[in-house]
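Notes follow once the structure below has been shown.
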Amino acid sequence: MTHTENSIQELRELDKKHFIHPTSPVKQQQEQGPAFIFTEGKGVYLQDATGKKVIDGMSSLWNVNVGHGRVELGKTAMEQMSKLGFSSCFATYSNEPAIRLAAKLAQIAPGDLSATFFTSGGSEANDTAYKLARHYWILKGQPGRKKIISRTKSYHGVSMGATSATGLKAFRDFTNSLAPDFLYADNFSSQSLRELIAAEGPETIAAFIAEPVQGAGGIHVAPENYFKEVREICDEYGVLFITDEVITGFGRTGTYFGMDHYGVAPDMMCFAKGVTSGYAQLGGVMISEKIHQELTELSTGTLLHGYTYSGHPMACAVALKNLEIIEQEHLIENAEAMGQELLNGLYRIKQERKIVGKVKGLGLMAGIEIVKDLNTKERFAAPMSPAIVLEAAKQGLICRSVVLDDQDIVVFAPPLTINKDEIKKMIEILNHSISVIEADLASENCA
Ligand code: PMP
């Protein structure tokens with residue numbers, strides 16, 4: 001439904017005055033107001049208050065896996081809220097959707113991950129994993145094991161623990177005091193992990209955490225044997241291996257979980273986003289059967305960690321329905337097929353355009369590097385990906401730019417429901433948008 005000019009103007013003014021936007025350019029919001037005020041969505045499309053329709057080439061925040069406008073998820077939420085809107089899961093109280101979701105996750109998760117601690121999102125899931133890992137080592141009589149190792153281009157969220165684990169420096173520099181005992185191994189090198197553990201002393205390391213494919217850090221797919229080697233190193237030094245599947249979980253990369261590509265099972269796994277396709281706020285940490293048993297046997301009292309919304313009945317009911325949709329509509333298979341289609345389209349763009357360097361991706365996570373010189377791979381002094389993203393949005397495609405850590409990358413992660421025609425449209429819009437930027441660059445050079 002479109003709004004009148006007046007009501008849009010009113011919303012823009014109220015937004016500027018009262019709404020502090022997450023991860024947004026502060027001055028731009030104050031000067032220009034919100035880029036879009038979305039009012040509805042259907043499939044891969046979002047529509048704003050002016051009636052403008054755009055392709056949601058990012059599944060919003062890598063999370064709307066089943067696409068927009070799913071009435072069945074709304075109906076599930078309404079039915080659950082009407083029956084039982086909320087009840088606590090503290091003190092062993094329970095509810096059916098949380099129980100059934102935990103059981104379902106045990107069926108689909110890698111390896112012997114078998115028990116779930118629920119949170120409201122990915123950052124809380126990460127903080128929970130670090131605390132559970134450290135608590136585990138206390139119970140095991142090795143309280144010295146408290147350091148958490150992550151990687152230099154990692155993103156794990158914005159709570160204090162998750163920010164401290166995030167390798168991307170800009171996020172850590174935002175605040176000047178972080179949680180202690182976080183270290184960063186080189187992004188792609190298992191040898192660097194080994195050296196770091198050896199240098200610090202294995203008896204001080206609680207866990208290593210990694211995303212199967214890095215998203216916010218700019219679509220980095222690990223070298224083929226990396227995770228096998230990581231698993232071996234963790235086993236050798238008795239370090240817990242945690243995967244952060246917040247983006248890669250629930251079909252995004254063309255398998256149920258990102259780690260399924262590598263045939264490696266972690267000891268713990270963080271998830272969020274795609275578990276509900278964003279229709280409700282939910283995340284969690286799964287732990288292996290072995291760790292679950294050990295925690296149970298060694299525990300002397302209460303698990304003193306819990307969020308009010310851990311095991312929220314409505315969020316868990318929505319998650320169950322969402323997983324049913326993913327399976328019934330074969331969306332994981334579609335993500336694999338359409339991921340290939342997307343990569344092929346991006347390679348075609350690379351052939352036609354002058355500033356597109358490396359094309360990369362896995363399933364429906366993809367990115368293109370923007371370079372000034374294709375041969376030397378030299379980047380532009382001022383990154384160009386923000387201008388491309390802005391132009392694409394004007395032309396009807398939402399994608400995202402990554403400029404952190406001296407990168408200049410445009411990334412894509414459309415809903416898993418996307419079809420060939422919609423991919424074709426995405427590619428056309430992107431190709432045209434890059435050509436506009438190339439023309440601007442050419443005219444600047446002539447001026
Ligand atoms: N881990 C990863 C890999 C993520 O991409 C994100 C969010 N983009 C998070 C954790 C944090 O999740 P949330 O924003 O739900 O707290």
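Read the figures in this text as sums done on the coordinates, not as results from a lab. All of these numbers come straight from a predicted model, not from anything done at the bench. So basically every Cβ, Gly included, is an ideal-geometry build from the backbone, and we count neighbours across all protein chains shown.
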- Query: Pairing the Cα long axis of helix 190-200 with the longest principal axis of the chain, what angle in degrees results, from 0 to 90 and rounded to the nearest 10?
  - Reply: 50 degrees
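Count charges around GLU289 for me, please; just the other residues with Cβ under 12 Å from its Cβ, Lys/Arg as +1, Asp/Glu as -1.
Here the count lands on -2.
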- Message: Can you report the principal axis dimensions of the chain using only the alpha carbons, biggest first, rounded to whole angstrom?
- Response: 71, 56, 43
- Checked region 1-92 against the a/c 1.5 cut and the a/b vs b/c comparison, axes a ≥ b ≥ c from its Cα gyration tensor; verdict prolate
- Query: Against the longest principal axis of the chain, how steep is helix 71-83, in degrees 0 to 90 to the nearest 10, with axes from Cα atoms?
  - Reply: 40 degrees
- Treat every Asp and Glu Cβ in the chain as -1 and every Lys and Arg Cβ as +1, leave all other atoms uncharged, and give the resulting dipole magnitude about the Cα centre to the nearest 20 debye. 440 debye
- Message: Taking 2.2 N^0.38 Å as the expected size of a compact globular protein, what ratio does the Cα radius of gyration of region 71-328 give against it, to two decimals?
- Response: 0.98
- Note on the structure: Residue separation between LYS290 and ARG172 times 0.36 nm, minus their alpha-carbon distance, gives in nm 39.1 nm
- Task: Give the percent of DSSP beta bridges with both residues in the chain that are antiparallel, rounded to the nearest 5.
- Result: 65 percent
- Would you please put 322-330, 246-254 in order of how densely packed they are, using the mean number of other Cβ atoms within 10 angstrom per residue and starting with the highest? 246-254, 322-330
- Below 15 Å Cα-Cα, how many Lys pairs turn up in region 129-287? Only count pairs eight or more apart in sequence, or on different chains, if you could. 4
- Linear extension gain, LYS228 paired with THR2, 0.36 nm per residue minus alpha-carbon span: 76.2 nm
- Note on the structure: Counting sequence-distant residues (5 or more places) and residues on other chains, those with an amide H built under 5 Å from that of TYR184 are SER150
- Note on the structure: In whole angstrom, the spacing between the Cα centers of region 368-425 and region 143-215 equals 27 Å
- Query: Hey, what angle do you get for helix 96-108 against the long axis of the chain, alpha-carbon based, 0 to 90 degrees rounded to 10?
  - Reply: 80 degrees
- Item | Net lengthening on full extension, SER94/SER24 (0.36 nm per residue, minus Cα-Cα) | 21.4 nm
- Message: With n ≥ 4 as the cut-off for DSSP H runs, can you work out [θ] at 222 nm for the chain, using -39500 (n - 2.57) per run divided by the number of residues, rounded to the nearest 500?
- Response: -13500 deg cm²/dmol
- Message: Run the paramagnetic zone check for ASN445: 7 angstrom along Cα to Cβ, then residues of region 360-378 with backbone nitrogen under 18 Å.
- Response: 370-378
- Query: Which whole-Hz couplings ³J(HN,Hα) result when phi for each residue of region 245-257 is put into the Karplus expression 6.51 cos²θ - 1.76 cosθ + 1.60, θ = phi - 60°, listed in order with x for Gly and Pro?
  - Reply: 9, 4, 8, 7, x, 6, x, 3, 9, x, 9, 4, 10
- Message: Starting from the 7 Å offset along Cα-to-Cβ, what nm value, one decimal, do you get for the label separation of LYS83 and LYS377?
- Response: 5.4 nm
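What ranking do 26-32, 272-278 get when scored by the average of other Cβ atoms within 10 Å per residue, highest first?
So the order, starting with the most tightly packed, is 272-278, 26-32.
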